[in-house]
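The values are calculated or read from the model by the stated rules, or taken from the named source; none is laboratory data. On a predicted model such as this, the values are computed, not experimentally measured, just so you know. For neighbour counting, all protein chains shown are included, and Cβ atoms are generated from backbone atoms with ideal geometry for every residue, glycine included. To get the accessible areas, we keep the full protein, side chains included, count just its heavy atoms, and leave off ligands, DNA and RNA. Shrake-Rupley method; radii C 1.70, N 1.55, O 1.52, S 1.80 Å.
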Amino acid sequence: MGGRIQSVTTTFAIILVLLGTACDAQLSSTFYDTTCPNALSTIRTSIRTAVSKERRMAASLVRLHFHDCFVQGCDASILLDDSPPIIVSEKGALPNNNSVRGFEVIDQAKAAVEKVCPGVVSCADIVAVAARDASFAVGGPSWVVKLGRRDSTTASIALANSDLPLASDDLNTLISRFSNKGFSAKEMVTLSGAHTIGQARCVTFRNRIYGNTSDIDAGFASTRQRGCPSLINNDNNKKLSPLDLVTPNSFDNNYFKNLIQKKGLLQSDQVLFSGGSTDSFVSEYSKNPTTFKSDFAAAMIKMGDISPLTGSAGIIRKICSAIN
């Protein structure tokens, strides 16, 4: 009898531990309400200032959140600088190198928050909030950001190279990459709509505009060739062109209208409307901007839930680029 009681007690204790772990793992929009009530307004001010100085920064901050969450989860690992032999920075990965930006904006937001409540707000949460505030600053949707992430003490350049999408990806590869992170094909199209803002480097679309393929509008290709010379060198590779020529600094649904007209800048954009399984999603969003924005907000919330570090996992970094 005593053995049974002990067994039941042990089982009950294990259940309590498991329940406690599950509770600890939950993100919450009210996470900082008592510990740092001015956190969100402080971050918002920093992001608005940065975007007002450079509209392109809005796209960069949305992309930074995406490239963080797709590698090890939303843990701010993308912000870490090289610290051999412990850390090989994800910044050097092929999809990130000379491409992902906005690090200094996150640093500024972190510094501002540290003045208000030192050692409380994670860099991972700041990246997530910054993406939302950046979207809203250029006419995009807002959403409720769940908070409580902690910062990673590791980075993975290998996962950054293997898990992040490339401009040259075909449709099946894109669907697979997003499926591996829990997203449907429609959600992949939804998130790709972030390319309604921002710019791309010549090196990422040169093959497309000089390829004489049937899936690109001839006039569009000619226009883009003027800003992206066929001569391959380092200077030309870095030349920038808006992903959306129509409204490059406004978050709208012109991206999808462009795809229907064969005016997607990247190959990974145009494959979303190329006679395949995602054509219907592109058509829907091209006609319904409200639906697109609503779905985009929902997909961004879901992306913020990818494998966060919570509870006692990870740390709260004082400086986002280093473990300190």
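Cross-link list LYS257/LYS287; LYS91/LYS263; LYS110/LYS318; LYS262/LYS302; LYS181/LYS293; LYS181/LYS302: which exceed 18 angstrom alpha carbon to alpha carbon?
Working: LYS257/LYS287 8 Å; LYS91/LYS263 30 Å; LYS110/LYS318 8 Å; LYS262/LYS302 30 Å; LYS181/LYS293 21 Å; LYS181/LYS302 10 Å.
Flagged as over cut-off: LYS91/LYS263; LYS262/LYS302; LYS181/LYS293.
In whole percent, what relative contact order does segment 109-266 give with Cα contacts below 8 Å and a gap of six or more residues?
Working: 158 pairs, mean separation 36.1, N = 158.
Contact order relative to length: 23 percent.
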³J(HN,Hα) computed for each position of segment 158-163 - Karplus, 6.51 cos²θ - 1.76 cosθ + 1.60, integer Hz, glycine/proline x: 5, 5, 4, 6, 9, 9
Nitroxide proxy distance, nm - points 7 Å out along Cα→Cβ at SER83 and THR30: 3.5 nm
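Relative contact order of the chain, please, whole-number percent, based on alpha carbon pairs below 8 angstrom and at least 6 residues apart. Let's see the in-between values first.
Details: 539 pairs, mean separation 80.7, N = 324.
Over the chain, the number comes to 25 percent.
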Relative to a virtual label point 7 Å from the Cα of SER307 in the Cα→beta-carbon direction, which members of segment 141-168 show backbone nitrogen distances below 15 Å? 150-165
Describe numerically, in nm with one decimal, the distance between label points set 7 Å from Cα along Cα→Cβ at THR154 and at SER294. 4.1 nm
Sort 190-200, 45-55, 233-243, 301-311 by the packing proxy (mean of other Cβ within 10 Å over each peptide's residues), most packed first. 190-200, 301-311, 45-55, 233-243
Using 0.36 nm per residue, how much length does the chain from SER214 to LYS318 gain when fully extended, once their Cα-Cα distance is taken away? 32.3 nm
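About the Cα centre of segment 100-193, how large is the charge dipole given +1 on each Lys and Arg Cβ and -1 on each Asp and Glu Cβ? Please answer in debye to the nearest 20. Spell out each step's value before the answer.
On the way: 10 positive and 10 negative charges, 49 e Å.
Its charge dipole is roughly 240 debye.
How high is the FRET efficiency from SER230 to LYS53, r the C-beta distance, R0 35 Å, rounded to 0.05?
On the way: r = 33 Å, r/R0 = 0.96.
Plugging the Cβ-Cβ distance into 1/(1 + (r/R0)^6) gives 0.55.
Any idea of the accessible area per residue across segment 171-302, 1.4 Å probe, to the nearest Å²?
Working: 5860 Å² over 132 residues.
In whole numbers, segment 171-302 has 44 Å² accessible per residue.
Can you give me the relative contact order of segment 38-163 as a percent, contacts being Cα pairs under 8 Å and 6 or more apart?
Values: 193 pairs, mean separation 49.4, N = 126.
Relative contact order comes out at 39 percent.
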How many nm is it between the label spots at LYS115 and LYS181, if each spot is 7 Å from the Cα in line with the beta carbon? 3.3 nm
Using the Karplus curve 6.51 cos²θ - 1.76 cosθ + 1.60 with θ = phi - 60°, work out ³J(HN,Hα) for each residue of segment 37-46 in order, rounded to whole Hz, and write x for Gly and Pro. x, 9, 4, 5, 5, 5, 5, 4, 4, 5
For the chain, the Cα gyration tensor yields equivalent-ellipsoid semi-axes (√(5λ), largest first, whole Å) of 38, 23, 19
The farthest towards the positive end of the charge dipole of segment 38-163, of the residues ALA58, ASN161, GLY140, given +1 on Cβ of Lys and Arg and -1 on Cβ of Asp and Glu, is GLY140
Positive-end extreme of charge dipole, the chain - chosen from SER283, PHE70, PHE220 (charges on Cβ): PHE220
